[in-house]
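FYI, it's all coordinate maths here, none of it is from the lab. Quick caveat: nothing in here was measured; it's all calculated off a predicted structure. Note that each Cβ is placed from the backbone with ideal geometry, even for glycine, and that neighbours are counted across all protein chains shown.
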Amino acid sequence: MTGAAAPAAVPAGLSASARVAAGPGGTLPVLAGDGPLALRRTRAAGPYAQVTLVGAMSAPLGGDRLRLAAEARPGAALRITSAAAMVALPGRGGGAARFDTELTVRQGGELRWLPEPLISARGSELVTHARIDLAADARLVFREEQVLGRSGEEGGRLTSRITVRWAGRTVLDQELSTGPGAPGWDGGAVLGGHRAVGQLLVVDPAAYGEGGRPAEPRPLGGTAALLPLAGAPAVLVTALAPDALALRRLLDTVTP
Amino acid sequence: MHRDHPVTFPGRHTHGAQAVRPDGRRRALRIGLGGPVGSGKTATVAALCRTLRDEVAIGVVTNDIYTREDADFLLRNAVLPAERITAVETGACPHTAIRDDISANLEAVEELEEAAGPLDLVLVESGGDNLTATFSHGLVDAQVFVIDVAGGDDIPRKGGPGVTTADLLVVNKTDLAPYVGSDLGLMARDAKAQRGGLPVVFTALTRPGGVGPVADWVRGRLAAWRTGGTQ
Amino acid sequence: MQQPSCPPPPSRPAAAAALLVLADGRFPAGGHAHSGGAEAAVRAGRITGPDSLEDFCRGRLHTAGLVAAALAAAACAGLDPVELDAAADVRTPSPALRATARRLGRQLMRAARAVWPAPELAALAAARPRGAHQPVVLGAAARAAGLTPHDAALAAGYETVSGPATAVVRLLGLDPFRATAVLARLGGELDEVAGRAVAAAGRAATGGTGELPAASAPLLEITAEAHAAWPTRLFAS
C-alpha cells in the first residue's frame, strides 16, 4: 500500500483510534475509543459480545486519520455495528481523510462486522483500507456499503481497499475508486450510474471448506453476484444498487 | 477406397501440428469440416459419428457462431457421449478461429483427448461461413468442404479456397437437385476442373447410408494416419 | 513474498519491434473471441455508441487494465510468475473472470512458446498446466522477447481496451473509425497507467505482491458471471 506517511501539505486533521478485543464467554477485555470512534457495549442475542460505534456523527473530515482495530480472540464471538451512517465530509483545508480498519479473528473465533453505510458527501475525499487477518478456522461476516452523495447530491472522492489474509495467505485484495478524479468510475465497466455499492464477505470453513460444500458462483439479479474466492472457504457478494436502501435489501438476502 | 495425392498441394502436408503427443503416443487424426451456412456440416458430422463410432473413438469440436448450438444439436441427437463433444466460441468470426488464430481450437482438441481418453479421430466443425474459409494446417490434418446443390450449381465453378483446396469436396443434398434445378453433371465437371485430382463425393444425407462416401474417405485417412502416412 | 532481487533478463538483444508483434490484435492467442465484458455491457444498454464505449474502456483501463499492466510488468521484470499468478487470483474475485484469464493465459503461452521459445516460459507452463493468468504470461512472453517491463505494461493495458473496442464494432456495427479513435484518445491515459504499473512492479520487487495495484471494477466482475451463464452469446467473455 502506498502513502505510509501523510503528505506534508495536508492540514492537520483529527487523529482518533479505537480498539476492541473480545474474549470467550462474551467478555470484552479491551474496549477503548473516543471522538468519532466512541464505542459502546450493546446488547445482542446469541453468543456475541456486541460493540456499537456511536460517535461517527460527522466524521471523517478531510485530513482526519482514523484507525479502528478489532480482534476476536481464540473462541470469541464479536459483533460490531454502528448507530448511524458515517459521513465523509470535506475538511476545512481540503486534503484526504484516512480510515484504517484492522480486523483480526483468531482460531475458533468469529467476527460479524455489520456497520451502517459510509456516505461520501460532495467535495469529500476519503481513503479507507480494511485489513482482515483470519485464522484457518475463523469465521467472518463482513459487510461494507458505500453511498455516493447524500440525497440528491453528487458524491465525493472515495477510495476503499479491502485486503484479506486467511491462514497466513492473502486471499482477496480489492480496491474501488469512485467520484471526481477517478477515471471511468461511472462508466459501464465500473458503476454504470449506480450510487450505492456494497460487498459482503463470508468466510466459513465449516460451510465452504473441506467437509462443506464449495459455493457455486451465481448472479443475484443484474447488478450483484455471489463469487466464491480462489483458495479460501469464502464467498464475496459484490452488489450495486441505485441507493442505500435497495443495496441493504439486496445484501440482506445473502447475509447468513 | 480413396487414394490421397499429397503432391498436389505439398504445403498441406508440411505444416501440420505435432503428430505425437507429449507422452509419445500418436494423437488422434484431426479432420476439419467447413462450408457455407446450411450446407449440412453438422448433419455430416452427426452421420459420420453414427457410422464410425463403433469402429473408432471419435471426438467433436464445434465452432458455433452463437455459443454452442451445433454442439447441442449433436448432444440432443445423442451421436456421441457428452464428454466427446465440446464447443469453441468464435467472437463472431468463425473463420478466424479455424485459420488465423487457432489457439482456442487447439486447446479444445487437446482437452477432449485428455478428458475422453485416447481418441482415434477428432472432427473439427467450423461455423458456417463463406467460400473462402479454410482450416489452418496447424489445426487439422485434412479438411472436408461441404457445399450443397441448393446453394446453386455454379458454386464449384466459382471456386474459392474451400472448393479448390479441400482434401475432400462434399456436394450434399443431391436428392434436392431436381427441385432446385441443379445440374449434378455440371457440378462434377466444374469441381474436377477446379480441383485437379482431389476427390469429390456426392451425398444425400437424408437417405440411408447417405454419408457412406464420406465415411469411406475418412476410413482411408485413418488407415494412412495410423501408419504415419499423413504428416 | 520474498523477492529481494529479480533474475536478470535473458541475454538477448532488446527488440523494440517485438512489442508490435506481441500487441498486434492478430497475434494468435485467442483474444478475438473475447469482448472484455463489452458484450454484457452492450446487452445491458451500458454501451450504445462511441461515448459510452470510451467511458467503459476508460473504467476498464484504470481498473483491470492497471492490475494487468502491473502484473505483466512484474513478470517481465523477472518476479516469480507463480507468485504473481496467485496475486492475480486474489485480485479477481469472479470465478468466470479467473477461468477466462487462465484460458487466455494458456492460449497465449502456446503462441509465445512457438514465437519466442525460452526456458522460463516452459517452466511457467509446467508450473501452471491449466494456464496462468494471461497478464502474467504476457509479461513472461515480453521478457522472452527481450522487451522491457514498460513494454509489457503497455501491451497489457492496451489489450484491456482494444478487445472491447473491437468487439463493439462487431456487436453494434459501430463505425470502426470512431471505435479506433476511442483507443487513440485513451493513449495518454494508457501511457500513464503503464507508468504507474511499472512503478508498482518496482515496489513489488522489494515489498512483495501486496504492493501491486488492486483496482477493481464491480460491473465487470458482476456481469461476467451472468454472461458466462447466457445460453447464447457471440463472445466467450
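Rounded to whole numbers, the Karplus 3J(HN,Hα) couplings from phi for the range C:110-122 are 4, 5, 5, 5, 6, 8, 10, x, 7, x, 5, 5, 4 Hz, using 6.51 cos²θ - 1.76 cosθ + 1.60 with θ = phi - 60°, and x at Gly and Pro. Across the range B:119-132, computed HN-Hα scalar couplings (Karplus, 6.51 cos²θ - 1.76 cosθ + 1.60, θ = phi - 60°) run 10, 8, 9, 10, 9, 10, 9, 7, x, x, 9, 10, 6, 9 Hz from first to last residue, x flagging Gly and Pro.
Restricting the calculation to Cα atoms, chain C shows an Rg/Rh of 0.95 when the hydrodynamic-style radius is the Kirkwood one. Within the same chain, aspartates and glutamates fewer than 8 places from B:LYS173 are excluded, and of the rest, those with a Cα less than 12 Å from its Cα are B:ASP148, B:ASP153. The phi-based Karplus calculation (6.51 cos²θ - 1.76 cosθ + 1.60; θ = phi - 60°) puts the 3J(HN,Hα) values of the range C:162-179 at 5, x, x, 4, 5, 5, 5, 4, 6, 7, 10, x, 4, 3, x, 5, 5, 5 Hz, whole numbers, x for Gly and Pro.
Assign one of three labels to the range A:16-252, namely rounded, prolate or oblate, based on the Cα gyration tensor with a ≥ b ≥ c the square roots of its eigenvalues; rounded applies when a/c is under 1.5, prolate when it is not and a/b is larger than b/c, and oblate otherwise. The partial results should precede the final answer.
Working: a/c = 1.89, a/b = 1.19, b/c = 1.59.
Oblate is the answer for the range A:16-252, as a/c is 1.5 or above yet b/c matches or exceeds a/b.
The range B:146-164 and the range B:68-92 have their alpha-carbon centroids 26 Å apart. For A:TRP113, the residues whose amide H sits under 5 Å from its own are A:ILE80, A:VAL141, A:PHE142, A:ARG143, ignoring neighbours fewer than 5 places away on the same chain, with H placed 1.01 Å from N. Using R0 = 41 Å, the C-beta based FRET efficiency linking B:ALA193 and B:ASN77 works out to 0.65.
Between C:ALA44 and A:THR253, the distance separating the two model label sites (each 7 Å from Cα on the Cα→Cβ line) works out to 1.5 nm.
Taking every pair of Cα atoms in the protein assembly as shown, average 1/r, invert it to obtain the Kirkwood radius, and report Rg/Rh to two decimals.
Details: Rg = 29.3 Å, Rh = 28.0 Å.
Rg/Rh: 1.05.
Simple point charges give the picture: +1 on the Cβ of Lys and Arg, -1 on the Cβ of Asp and Glu, and for the range C:39-187 a dipole about the Cα centre of about 420 debye. FRET efficiency for the pair B:ASP183 and B:ARG226, taken as 1/(1 + (r/R0)^6) with r the Cβ-Cβ distance and R0 = 45 Å, rounds to 0.70.
Explain nothing, just the number: dipole magnitude of the range B:25-224 about its Cα centre with +1 on each Lys and Arg Cβ and -1 on each Asp and Glu Cβ, in debye rounded to the nearest 20.
On the way: 20 positive and 27 negative charges, 136 e Å.
Around 660 debye, computed over the range B:25-224.
The range A:66-165: which trypsin sites (Lys or Arg not before Pro) are DSSP loop and have at most 11 other beta-carbon atoms within 10 angstrom?
Details: sites: A:ARG67, A:ARG79, A:ARG92, A:ARG98, A:ARG106, A:ARG112, A:ARG122, A:ARG131, A:ARG139, A:ARG143, A:ARG150, A:ARG157, A:ARG161, A:ARG165; in loops: A:ARG92, A:ARG106, A:ARG122, A:ARG150.
When the trypsin sites (Lys or Arg not before Pro) of the range A:66-165 are filtered for loop state and at most 11 Cβ neighbours within 10 Å, A:ARG92 remain.
Once backbone amide H atoms are built at 1.01 Å from N, A:ARG67 has A:ALA16, A:SER17, A:ALA18, A:ASP100 as its partners under 5 Å, excluding neighbours fewer than 5 places away on the same chain. By the combined test of axial Cα extent (at least 18 Å) and Kyte-Doolittle hydropathy (mean at least -0.5), the qualifying DSSP H helices of chain B come to B:103-116, B:212-226. Put simply, the amide H of B:VAL88, placed in the peptide plane, has neighbours under 5 Å in B:THR62, B:ASN63, B:ASP64, leaving out anything fewer than 5 places away on its chain.
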